[in-house]
Amino acid sequence: LQLEQDLRQALKSNEIVPFYQPQVCARSGRIVGVEALVRWLPLKGGIIPPDEFIPIAEETGLINELGRLVLEQGCYQAKQWLDSGHSVRMAINVSAHQFRQHDFTQTVAQVLEQSQLPPSLLELELTESVIMSDAEENIARLVELKSLGVSLAVDDFGTGYSSLSYLKRFPIDILKIDRSFMCDVNSALDDVAIVEAILALAESLKLGVIAEGIEYTSQIAILKSSNELLLQGYLFSRPVAAEYIGPLLSQNF
Ligand code: G
Ligand code: G
Ligand code: MN
Ligand code: NA
């Protein structure tokens, strides 16, 4: 309860800020996107990771306010980078609670309008479990969101237990291969097989792929894909404050 009050206060006093982690195009070595990963920076110092407050935000409904804040800041930030000559797609994590709000699509439309960010530069990340929770109702919601012109990505792909047939029926653009499959790509042949299967699946369904958790160059070698492939992980950068992203945008990785 104390934590809930603290979080409520933190939202008001700008202690909740998105950090950003680069997504690098495997072909060009350029940063073409970032994922917004929220942080709590208490005034007294330190840094609280999302695992310690997102669950409370979810339970108390504060996730809607928090989610809107991250969406707004992310869109305004991406617009700033665009205005400075860097086209960077902003990926925003959407929680189950947010996705189920009846006015979620309107909120996204509003934020796009206010920030003047081209919708093609916004990507919404949804987990498999959120998407599959109520498949029929969710298709309508996804179609609604797609009609705004944004991209839709499946986060933590491969960790759910859902049937793959939804990928054909749902207006999904991108699969994010969960980092658990990238961990020991050198040693674990099973993981290599899974990654290869996901790449083949994405290729035949014409979906983009983002490989998460890239920490070593050796992990990139097995990622052979003819589709657009993006790489995300500590090898390139940890999630960092916006000011640290700017200089990276001119860099070749
Ligand atoms: O960033 P790590 O950096 O520790 O993030 C931990 C978890 O918190 C991840 O599962 C991530 O999806 C989630 N998360 C980070 N930022 C947000 C956010 O803005 N909204 C939601 N719903 N989840 C987030
Ligand atoms: O659940 P989601 O995929 O949204 O969250 C991504 C999580 O993975 C965040 O906590 C982020 O900080 C973390 N992360 C990003 N890159 C790496 C990496 O290279 N290695 C590890 N172990 N974690 C990473
Ligand atoms: Mn994510
Ligand atoms: Na993920």
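The values are calculated or read from the model by the stated rules, or taken from the named source; none is laboratory data. Values in this document were obtained by computation on a predicted structure and should not be read as measured data. Positions of Cβ are generated from backbone atoms using ideal geometry, with glycine treated the same way; all protein chains shown enter the neighbour counts.
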>> Looking at the structure I just gave you, is GLY33 of a type outside the set (A, V, I, L, M, F, W, C) and at negative phi?
In response: yes
> Inside the stretch 78-110, can you point out the residues that are more than 23 Å from GLU137 (Cβ to Cβ) and either in a helix (DSSP H, G or I) or of a type outside the set (A, V, I, L, M, F, W, C) (or both)?
Replying inline: ALA78, LYS79, GLN80, TRP81, LEU82, ASP83, SER84, GLY85, HIS86, SER87, ARG89
>> If I ask for residues that are among the polar types (S, T, N, Q), in a loop (DSSP other than H, G, I, E, B) and within 16 Å of ligand 3 (Cβ to nearest atom), which ones from the stretch 126-184 would you list?
In response: THR159
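Rundown of residues vs (1) surrounded by 18 or more Cβ atoms within 10 Å (Cβ to Cβ); (2) within 18 Å of GLN9 (Cβ to Cβ); (3) more than 16 Å from ligand 3 (Cβ to nearest atom); (4) not acidic (Asp, Glu), yes/no style:
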residue	(1), (2), (3), (4)
GLU65	no, yes, yes, no
TYR76	no, no, yes, yes
GLN80	no, no, yes, yes
ASP83	no, no, yes, no
ALA91	yes, no, no, yes
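Test ARG179 against the criterion of being basic (Lys, Arg), away from ligand 4 (no atom under 15 Å from the Cβ) and at pLDDT 85 or above, and give yes or no.
Criteria not met by ARG179.
How many residues does the stretch 121-141 contain that are more than 23 Å from TYR76 (Cα to Cα) and either hydrophobic (A, V, I, L, M, F, W, C) or touching a residue at least 24 places away in the same chain (Cβ under 8 Å) (or both)?
Going through the stretch 121-141 one residue at a time, the tally reaches 12.
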> Checking CYS75 against (1) farther than 21 Å from ILE210 by Cβ; (2) among the hydrophobic types (A, V, I, L, M, F, W, C); (3) in a helix (DSSP H, G or I), which single condition isn't satisfied?
Replying inline: (1)
>> Can you tell me how many residues within the stretch 190-245 are polar (S, T, N, Q), in a helix (DSSP H, G or I) and surrounded by 18 or more Cβ atoms within 10 Å (Cβ to Cβ)?
In response: 1
> How many residues are under 13 Å from the mean Cα position of the chain (by Cα), β-branched (Val, Ile, Thr) and more than 16 Å from ligand 2 (Cβ to nearest atom) if we restrict to the stretch 139-184?
Replying inline: 1
>> For the stretch 84-98, give me each residue that is touching a strand residue (DSSP E or B) at 6+ places or on another chain (Cβ under 7 Å) and more than 12 Å from THR127 (Cβ to Cβ).
In response: VAL88, ARG89, MET90, ALA91, ILE92
>> Go through (1) more than 16 Å from ligand 1 (Cβ to nearest atom); (2) modelled with pLDDT of 95 or more; (3) at negative phi for ILE139 and report which single condition fails.
In response: (2)
>> Can you report the number of residues in the stretch 1-34 which are assigned to a loop (DSSP other than H, G, I, E, B), in contact (Cβ under 8 Å) with a residue 12 or more places away in the chain and over 15 Å from LEU231 (Cβ atoms)?
In response: 2
> Can you name the number of the only condition in (1) under 26 Å from LEU199 (Cα atoms); (2) within 16 Å of ligand 2 (Cβ to nearest atom); (3) surrounded by 15 or more Cβ atoms within 10 Å (Cβ to Cβ); (4) at pLDDT below 95 that GLU123 fails?
Replying inline: (4)
> What about VAL38, is it surrounded by 21 or more Cβ atoms within 10 Å (Cβ to Cβ) and either in contact (Cβ under 8 Å) with a residue 24 or more places away in the chain or out of contact with any helix residue (DSSP H, G or I) (no Cβ under 9 Å at 6 or more places or on another chain) (or both)?
Replying inline: yes
